Every structure is written in structure tokens, then in C-alpha cells.
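Read the structure below first, then the notes.
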Amino acid sequence: MSSSSSSSSSISSSRSSSSSSSSSSRYSHKKQQKRKNKKKEDQDAGHFEYQIGMKIKAGQFVITRFLGDGTFGRVLEVKTCNNTCNNYYAMKCIRAVERYIESAKIETKILWYIQDKDKSGAFNIVRLFTSFERYDNYFMVFERLGKSLYDIIKQNNFIGFPMKYVQSFAKQIIISVAFLHQNQLTHTDLKPENILTTNCEYKLVPFKGKQIWVPEREILKIIDFGGATFDYEYHSTVINTRQYRAPEVIMGYPKWNENSDIWCIACVLLELYTGELYFQNKDDLEHIAMIEKAIGPMNYRHFKNSKYKTSFNYDQKYFDQHRSYFKWNSVAPSDSAIERVKKLKTFEELIPAKHALFIDLIRKMLCIDPEERMPLRKLIHHQFFQQVFQD
């Protein structure tokens, strides 16, 4: 009887536990779904509601089509309502979210400043034509541009560009960003997504046994100045998209400068050449390990003044007893992270010897010490830009 009672009690307990677990699981699932729905609502909140054919800014522009949505808001194609000419523009419609609107207003001021310094538009920075507020939204009307370099790489199945295009693009990017640096501005978010072609016409060319798309006109424009920072301004500790982030930014140094842009450009050029991100890292320590594999060791002093100095026993955690090398295998978060670092190719393995000048250009930009990176005003005279490429 006692045994039977115990068994019955056990079954009852098991059922109760199962029921409780199931109920808890359903509750948890509902909670997660509620959170997801709220997040989606938050992401959708404040978007400018529009209709094709709708007129805006006292009838100055008419909306012609939707171009895309982003975190900040959406982009619409508009044209002037003037009967004599139909000029098309890209109108950035900032969501009615205070921080996005404040950021857009800062970007507007920076773009007016740049355009005052470059009245002819010779330095290939996107042109802003007007900005205005309507109800709770903020609008920026830009020149209409073509696809981003990332869009073209993606369309070509991540195959990269022939070297003559890489050379042309590199020269333009360096000249544009050198102009920003000359005017005490650091862009802080240089990547293929923020470098656009200037028209919507493309052609097919043979490359690596395939046909790939390239712009009919090779002229580029730099966009997205929302994070651009003047030398004298407060410097945020986190800038750049992770895979393009310079070592001094990864380490959390409080006073990075325009040299961080030089690192970003080198990462962009490698991506234009290969079609893929060079540093395909998931976190800071993996990024550091990849930098060591590609360029050389980061020594103790790089860590001594970094954000990692606050870690408990950081000397022993990140370095051997003689402080001579970074213990990546000991701090790696996973075997897959170790494998990704192992698979990273050096520049010499990635780029054939016939393009040795390109390797040299990259090496002069990807220096761990920011002060050792060659300034852009000097890089533009590098021998790489004198070479004639057929491929």
C-alpha cells in the first residue's frame, strides 16, 4: 500500500511538474512573442506615412516611388513639380524619434559645412539640396544616386572587382576622405554600403571566367555623415561597423582620430578586391587575433591603456608570464572562433605577386599603431596609382 501510494504520489507529482513546465513554457513563449511584437511596433513607430503622387514641402516635390526602409526611417524618390524640368532626388524621411531627428540635424549641419568648403562638388561627397520638418518627421533631400558598392558586390555573388576598378575606386575614396580630414572631420563609418555610384547604368564585363556588373561611369560618392566627428568634438568610444573597426577603437582608446578612417578604407579596398569582408569576426578578442594573424603581434602596451585593463588579472588573462604574446587560444570563446582565425589568409596569400603594389598600399594603411599609418594626402601619390591594369 505504501509502495502503491508512493508510486501514485510520484506520478501525480510528475504530472503536476509537467503541467507546470508546459504552462511556464507557454507563458514564456507568449512573453517572448509579446516582446517581439513590441519591438516590431517600436521599429515601425514614427515612420512617415506617404502615398505615391503625394506632394510635399508646399508642393515643391511629388513622391514618385519607395526606395527603401532603414532603422532611421525610409527613403523615397521624389521629383520637382516644376513643369520645365523633372529633377529626381532621394528624400530621406527620418522617423519621429527624437534621437534620430537630432542625429539627422547634426548630419545636415555637417553636410552644409562640407558643401560650403566644396562648392563645386569636386570631392565626391553626396550633395544635400534641402532639409525641412513636417509634423513630427524630418526630411533631407539628396541628389539621386545609384547602387552602393556593396549592392554591386552582392549582385555579382561576392566575386569582387577587377583591379583597374579597385584602383579607380580607391583613388576617389582616398581623395574624398583626405578632403574631410583636411577639414578636421572623421567620417567614422566608411564601408561599401556608404559608397555609392553616381548613376543607375551598369554594364557586364568578363572577370574570373564570369560576367560581372560594373558601373557604366566609375564616379563614386561618399554618404552617411550621421556619425561624422570634428577633431574638437566629443569622441564616442564606439564607432565604425565592427568588421572595419581600427585597433585603437576596438581597445576603447578615448581619443581616436582621423587615422581610424584610414584603417576602414583599407578594409573596404580588400573587400572590393575579394568580394568578401576581410575581418569576418564576431567579437573584439577574435578581431584582435585576426589582426595579429594578418599584420603582426599586438604587444602589452596596446592592452595596458585599453578598456581591457579593467579586467580582473588582465595581465595573466590575456598574456603569457613574460607579457610577450596575446593568449588567444586561452580566451577564445569557441572552437569555431579559433578556426576562423586559422583560416584567415595573409595579404600575400590573398593577393597575387603581380599586385605587389596593392599589397604595399594596404600595408601602409593597416598599421596597428594609428600614428604609423600613412596619411591619405601622401597615399594618393603611392606607386599603385601609377600602375596600368588590364584586369
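The values are calculated or read from the model by the stated rules, or taken from the named source; none is laboratory data. Fair warning: this is a prediction, and the values are worked out from it, not measured in the lab. Note that we place each Cβ from the backbone using ideal geometry, even for glycine, and neighbour counts take in every protein chain shown.
Structure summary
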item: Which listed residue is assigned by TED's automatic domain parsing to the domain that holds residue 101 and on the phi < 0 side of the Ramachandran plot, from 225, 169, 161, 132; result: 132
item: Some residue of the range 325-345 being within 20 Å of residue 170 (Cβ to Cβ), modelled with pLDDT of 95 or more, of a type in the set (A, V, I, L, M) and touching a helix residue (DSSP H, G or I) at 6+ places or on another chain (Cβ under 8 Å); result: no
item: Hits in the range 256-285 (condition: surrounded by fewer than 24 Cβ atoms within 10 Å (Cβ to Cβ), touching a residue at least 40 places away in the same chain (Cβ under 8 Å) and farther than 29 Å from residue 212 by Cα); result: 257, 258, 259, 282, 283, 285
item: Flag for residue 171 being more than 17 Å from the chain's Cα centre (by Cα), touching a residue at least 40 places away in the same chain (Cβ under 8 Å) and farther than 30 Å from residue 87 by Cβ; result: no
item: The range 105-117 residues that are free of Cβ contacts under 8 Å to residues at least 40 places away in the same chain, paired with ones that are basic (Lys, Arg) (beta carbon under 8 Å, 6 or more apart); result: 115/127
item: The range 286-301, subset out of contact with any helix residue (DSSP H, G or I) (no Cβ under 6 Å at 6 or more places or on another chain) and of a type in the set (Gly, Ala, Ser), residue surrounded by the fewest Cβ atoms within 10 Å (Cβ to Cβ); result: 296
item: Verdict on residue 218 being within 23 Å of residue 106 (Cβ to Cβ) and of a type outside the set (Phe, Trp, Tyr); result: no
item: Positions within the range 135-158 being over 23 Å from the mean Cα position of the chain (by Cα) and either within 25 Å of residue 387 (Cα to Cα) or in the same structural domain as residue 221 (by TED's automatic domain parsing) (or both), in sequence order; result: none
item: In the range 339-356, the residues that are loosely packed, with under 15 Cβ neighbours inside 10 Å and of a type outside the set (Gly, Ala, Ser); result: 339, 342, 343, 345, 346, 348, 349, 352, 354
item: Residue count, the range 177-227 (criterion: among the charged types (D, E, K, R) and closer than 24 Å to residue 266 by Cβ); result: 7
item: Qualifying residues in the range 48-70 (those that are of a type in the set (Phe, Trp, Tyr) and part of a loop (DSSP other than H, G, I, E, B)) - the one nearest to residue 100 (Cα to Cα); result: 48
item: Residue 175 vs. criteria in contact with a strand residue (DSSP E or B) (Cβ under 7 Å, 6 or more places away or on another chain), surrounded by 15 or more Cβ atoms within 10 Å (Cβ to Cβ), within 25 Å of residue 382 (Cβ to Cβ) and modelled with pLDDT of 95 or more; result: no
